[in-house]
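**Q** I have a structure I would like to understand better, so I am pasting it below and will then ask my questions one at a time.
The values are calculated or read from the model by the stated rules, or taken from the named source; none is laboratory data. Being a predicted model, the structure only gives us computed values, none of them experimental. Here the Cβ positions follow ideal geometry from the backbone for every residue, glycine too, while neighbour counts run over all protein chains shown. Side chains included, ligands, DNA and RNA excluded: accessible areas come from the protein's heavy atoms. Shrake-Rupley method; radii C 1.70, N 1.55, O 1.52, S 1.80 Å.
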Amino acid sequence: MRSIPVVMDVDTGVDDACALLLAALHPAIDLRAVTCVGGNTDVDQVTRNTLAVLEIAGRDDVVVGRGAERPLIERAVHARHVHGDDGMGDLGWARSTRDPDPRHAVQLLRDVLDASPEPVTLVPTAPMTNIALLARTHPSALRRLERIVFMGGAAQRGNATASAEFNVFHDPEATAIVLETAADLGIPVTMYGLDVFYDPTVTRDQARSLIAAGDDVARLAGELVGFQCDRFGAEQATIGDAGAVCAVIDPAGTGTTPLPVRVELAGTWSRGRTIVEMRDWTGDLAHDPHGRADAVIDVALEVDARRYADLWLETVRPGAPAPA
Ligand code: BDR
Ligand code: CA
C-alpha cells in the first residue's frame with residue numbers, strides 16, 4: 001500500500017490527540033510534520049501535548065513546530081471546559097524531553113512542503129491561523145498540496161456558538177483566507193465539520209478494554225475516551241478530529257457533496273459560521289445579490305460512523321500493524 005504524505009496542524013486537544021495517534025500509527029499515512037497553533041489551549045501547552053503524544057506513539061522522528069499564539073484578529077479563546085486544564089484531559093502523562101523544531105511552524109510548513117517530492121495532504125484540526133499565514137507569506141508552498149482535509153465548520157448547527165464551530169469561530173479570517181487561496185490555486189478541500197464530527201464514537205467499555213490492554217498507546221487512547229465520557233456524562237465519546245484523519249485513510253467512509261461555502265466575518269450572532277449553499281433552485285440562486293461563493297468544497301454530510309470508529313480502535317489496539 002502506498003502511504004499518503006501528510007502534514008497535520010493541531011491544537012492538541014483531547015480529540016487532536018486521538019487524531020495524532022491515528023496519523024502517527026496507521027501504515028497508510030506517512031506523517032511528515034505536525035505544526036501547533038493556539039486553540040483548545042495556549043500554543044505552548046498545545047506543543048507540549050503534541051510532543052507527548054508523538055513520544056507515546058514512538059514517533060519522535062516526526063518534526064513538530066510551534067506556531068501562532070493567537071488568531072489573526074481575535075483575542076485567543078480556549079476550550080479548557082471541554083479539554084481540561086492542560087488541554088489534554090489532565091491525564092498526568094509525562095512531558096516529552098524533546099523540544100520543538102527551532103523554526104516557527106509557518107517556516108517549517110514551507111520547508112516541509114517545498115522539500116516534498118510528492119504532493120502532500122494537509123490536515124488542519126485546529127484554527128487555521130498557521131495555514132493562513134503560510135498562504136500570505138509563502139503562497140507557492142501551497143502548490144505542493146494534493147488536498148486539504150480540515151476539521152472545522154458546519155452546514156447545520158455550531159458548537160462554540162449556535163452558529164459557529166469552534167475552529168472557524170476562533171479564527172474566521174484565517175479560514176476565509178485558506179478557502180479562498182485553495183479555490184484560487186485549485187486545491188481540493190474537504191470540510192469534515194460538525195455535521196459528521198460527533199458520529200464516530202467509542203464506548204466507555206471499549207475505552208476500559210484499551211486501558212486494560214496494557215501498552216501506552218492503548219492506555220492513552222482509552223483514557224482520552226474515558227475523560228470525554230466523564231466530562232459529558234455519557235457512555236460513549238466521539239473520536240472527533242481523528243475522523244478527519246479517517247477521511248484521508250478511507251475517503252469512501254465519508255459522504256461528501258461539493259457545495260459553495262463562505263465564512264461569515266461580520267455578524268453579531270453568526271460570526272465564524274460557515275455558510276454552506278444547500279439551495280438547488282436556480283431561480284433563487286440566480287436572484288441572490290451575493291452571487292455564488294468562489295470556494296466550492298467537498299462538505300462531509302454523512303459518515304460511516306462504525307467504520308471510522310473501528311478504524312481508529314484497530315490502529316490504537318496492541319498488535320496493530322506498525323507504520324511504514
Ligand atoms: C473542534 O474544536 C476543538 O475543540 C476540537 O479539538 C475540534 O478540533 C470541534 O469544534
Ligand atoms: Ca482540534
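**Q** Take the residues in region 180-200 that are of a type in the set (Ser, Thr, Tyr) and more than 16 Å from Ala305 (Cα to Cα); name whichever of them is nearest to ligand 1 (Cβ to nearest atom).
**A** Among residues in region 180-200 that are of a type in the set (Ser, Thr, Tyr) and more than 16 Å from Ala305 (Cα to Cα), the one nearest to ligand 1 (Cβ to nearest atom) is Thr190.
**Q** Can you go through Val37, Val46 and tell me which one is surrounded by 24 or more Cβ atoms within 10 Å (Cβ to Cβ) and either charged (D, E, K, R) or out of contact with any helix residue (DSSP H, G or I) (no Cβ under 7 Å at 6 or more places or on another chain) (or both)?
**A** Answer to the selection: Val46.
**Q** Among the numbered criteria (1) away from ligand 1 (no atom under 16 Å from the Cβ); (2) outside any strand (DSSP E or B); (3) surrounded by 19 or more Cβ atoms within 10 Å (Cβ to Cβ), which single criterion is violated by Val6?
**A** All conditions pass for Val6, except number (2).
**Q** Out of all the residues in region 187-196, is one or more within 16 Å of ligand 2 (Cβ to nearest atom), buried (at least 20 other Cβ atoms within 10 Å of the Cβ) and of a type in the set (D, E, K, R)?
**A** There is no residue in region 187-196 that is within 16 Å of ligand 2 (Cβ to nearest atom), buried (at least 20 other Cβ atoms within 10 Å of the Cβ) and of a type in the set (D, E, K, R).
**Q** Which one is nearest to Gly153 (Cα to Cα), of the residues in region 280-310 that are surrounded by 10 or more Cβ atoms within 10 Å (Cβ to Cβ) and either β-branched (Val, Ile, Thr) or without any contact (Cβ under 8 Å) to a residue 12 or more places away in the chain (or both)?
**A** In this case the residue turns out to be Val299.
**Q** Let me ask another. Just to be sure, is Asp230 over 26 Å from Ile56 (Cβ atoms) and part of a helix (DSSP H, G or I)?
**A** no
**Q** Open to solvent by less than 10 Å² (accessible area, probe 1.4 Å) and under 27 Å from Cys246 (Cβ atoms): does that describe Ile56?
**A** No; evaluated as a whole, the condition is false for this residue.
**Q** Does Ser96 satisfy the criteria of being farther than 20 Å from Gln45 by Cα and either among the small types (Gly, Ala, Ser) or more than 14 Å from ligand 1 (Cβ to nearest atom) (or both)?
**A** Against the criterion (farther than 20 Å from Gln45 by Cα and either among the small types (Gly, Ala, Ser) or more than 14 Å from ligand 1 (Cβ to nearest atom) (or both)), Ser96 does not qualify.
**Q** Please note which helices (runs of 4 or more DSSP H) are completely contained in region 64-169 and include at least 3 residues that are within 15 Å of ligand 2 (Cβ to nearest atom).
**A** So the answer is 80-83, 129-137.
**Q** Looking for something over 17 Å from the mean Cα position of the chain (by Cα), modelled with pLDDT of 95 or more, not hydrophobic (A, V, I, L, M, F, W, C) and not in a helix (DSSP H, G or I) - is there at least one such residue anywhere in region 293-302?
**A** Taking every residue of region 293-302 in turn, at least one turns out to be over 17 Å from the mean Cα position of the chain (by Cα), modelled with pLDDT of 95 or more, not hydrophobic (A, V, I, L, M, F, W, C) and not in a helix (DSSP H, G or I).
**Q** For region 209-231, state whether one or more residues are of a type in the set (Lys, Arg), open to solvent by 10 Å² or more (accessible area, probe 1.4 Å) and within 16 Å of ligand 2 (Cβ to nearest atom).
**A** For region 209-231, residues of a type in the set (Lys, Arg), open to solvent by 10 Å² or more (accessible area, probe 1.4 Å) and within 16 Å of ligand 2 (Cβ to nearest atom): present.
**Q** Ok, one more. Can you tell me which condition Leu122 does not meet? The list is (1) within 20 Å of Ala242 (Cα to Cα); (2) away from ligand 1 (no atom under 16 Å from the Cβ), and all the others hold.
**A** (2)
**Q** Can you tell me which of Ile4, Ile73 is of a type outside the set (D, E, K, R) and closer than 24 Å to Asp114 by Cα?
**A** None of the others qualify; the one that does is Ile4.
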